[in-house]
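Please read the structure below before turning to the comments.
The values are calculated or read from the model by the stated rules, or taken from the named source; none is laboratory data. Source: prediction; values computed, not measured. Methodologically, a virtual Cβ is constructed for each residue, glycine included, from the backbone with ideal geometry; neighbour enumeration extends over all protein chains shown. All accessible areas refer to the heavy atoms of the entire protein, side chains included, with ligands and DNA or RNA removed. Shrake-Rupley method; radii C 1.70, N 1.55, O 1.52, S 1.80 Å.
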Amino acid sequence: MVGNKQVVLNNYVQGWPKEGDFRLQCTETEIESIPNGSEAVLLKNLYLACDPYMRHRMCDNHISQPGTIFKSSFTPGSVLVGYGVSRVIQSTHPDFKEGDHVWGLTGWEEYTMIPNPEKLFKITYTGVPLSYYLGVLGVPGIAAHVGFFNLCSPKEGETVYVSTASGGVGQLVGQFAKMMGCYVVGSTSTKEKVDLAKDKFGFSDAFNYKEEHDLSAALTRYFPEGIDIYFDNVGGRMLDEVLLHMKAHGRVAACGMISQYNLEEPEGIRNLFSMIPRRVEIKGYIETDFHHIYPQYHELAIKYLKEGSLDYVEDVAEGLENAASAYVGIFHGRNVGKQIIRVASE
């Protein structure tokens, strides 16, 4: 028996999440506890991802959507579940052995039993930090690649706008756009993040949206002839304003709407009519619908990382003791890059 630290949902979250909505508890876990005859794995978790979508599962009125990552709500008193990188410490499944590294859905705890590990991805390339499998080589990477290339069909010379430009997804979209020869501008929330977007990720330009009193004027300044592609990570007022600046046949990838997740009454979109004369297409998507392309994306991303044409920035919180603070912080823009939690050493 070993102590197993766990991050538990204290109560359903109303409004903006607070550290008091979570608690750290320690239980006893029996390491060699896989039932005979089962095909399961016991994991030691190394890294956990602070993903905004988890907020949807913290409400008591969440609508279950089978077949997507938006599963049923967490139950107060239960351990949080999200994407993590783990090491297999015991396995009765033929595809996994002790010592393998994997990524996929796991508990926010030190040790997790996965009774049906078929949806775990085995990590075979270890030439990068293992935490990258929660970012550039994981869900954010697939979301960025699918949203930009599959949904937006970019062409050289087009204008691209990316909100949350220094986040786990946005930083990749900006780099993909530059690879395509596009003019790409990002918005973010601090001068540090603006500099990061321009100096490290190669955005053509970037601005701090909090300093722009007239968002329409800012978009006109950076896109005087309009926007071909908008990669939306925030929704709300930003999306509403961007619709008025889209070019004819513009494309919008609706990847996330973090500005709306904590509102009891989501903001309405008033400018939808502008889509009609401009023939603008808005499309939402779920990353799990595209797991079949993961092997091809994985190979491509590793190639880019090896040759140095793709950068990735993480913000690492140390220990489950800081998990609640790290998660709450992503809704206030405190993270610089993809927010992850280091649970244990590799």
Principal-axis tilt of helix 170-179 within the chain, Cα atoms, nearest 10 degrees: 60 degrees
What does the charge add up to near L130, with Lys and Arg as +1, Asp and Glu as -1, over the other residues with Cβ less than 14 Å from its Cβ? +2
Starting at the first residue of the stretch 296-312, write each ³J(HN,Hα) from the Karplus equation 6.51 cos²θ - 1.76 cosθ + 1.60 with θ = phi - 60°, in whole Hz, x for Gly and Pro. 5, 5, 4, 5, 5, 5, 5, 4, 5, 5, 5, 7, x, 8, 9, 10, 8
DSSP beta bridge pairing in the chain, given as percent antiparallel to the nearest 5: 55 percent
Just how much of F201 is accessible, in Å², when a 1.4 Å probe is used and the result is rounded to the nearest 10? 10 Å²
Can you list residues from other chains, or at least 5 along the same chain, whose modelled amide H is less than 5 Å from the amide H of G284? A254
13 Å beta-carbon shell around K283, net charge (K/R +1, D/E -1): -2
Report the percentage of all Cα-Cα pairs in the stretch 241-346 whose separation exceeds 18 Å, rounded to a whole percent. 71 percent
Distance between the stretch 214-239 and the stretch 130-172 - C-alpha centres, whole angstrom: 17 Å
What does the extension gain come out to for E211 and M1, with contour length at 0.36 nm per residue minus their alpha carbon separation? 70.2 nm
Suppose only helical runs count, i.e. DSSP H with n ≥ 4. What mean residue ellipticity at 222 nm does that imply for the chain under -39500 (n - 2.57) per run, divided by all residues and rounded to the nearest 500 deg cm²/dmol? -5000 deg cm²/dmol
Once you have a ≥ b ≥ c as the square roots of the Cα gyration tensor eigenvalues for the stretch 179-328, tell me rounded if a/c is under 1.5, and otherwise prolate or oblate according to whether a/b is larger than b/c. rounded
Inter-label distance, nm, simple model (7 Å from Cα along the C-beta direction), K119/S274: 3.8 nm
Highest mean first, how do 228-238, 117-127 rank when packing is the count of other Cβ atoms within 10 Å averaged over residues? 228-238, 117-127
Give the peptides 104-112, 171-179 in descending order of average Cβ contacts within 10 Å, highest first. 171-179, 104-112
Taking Cα pairs under 8 Å and at least six residues apart, what relative contact order does the chain come out at, in percent? 18 percent
What order, most packed first, do the peptides 240-253, 131-144 have when packing is the mean number of other Cβ atoms within 10 Å of each residue? 131-144, 240-253
Gain on full stretching of the segment that runs from T190 to S72 - 0.36 nm per residue minus C-alpha separation: 39.0 nm
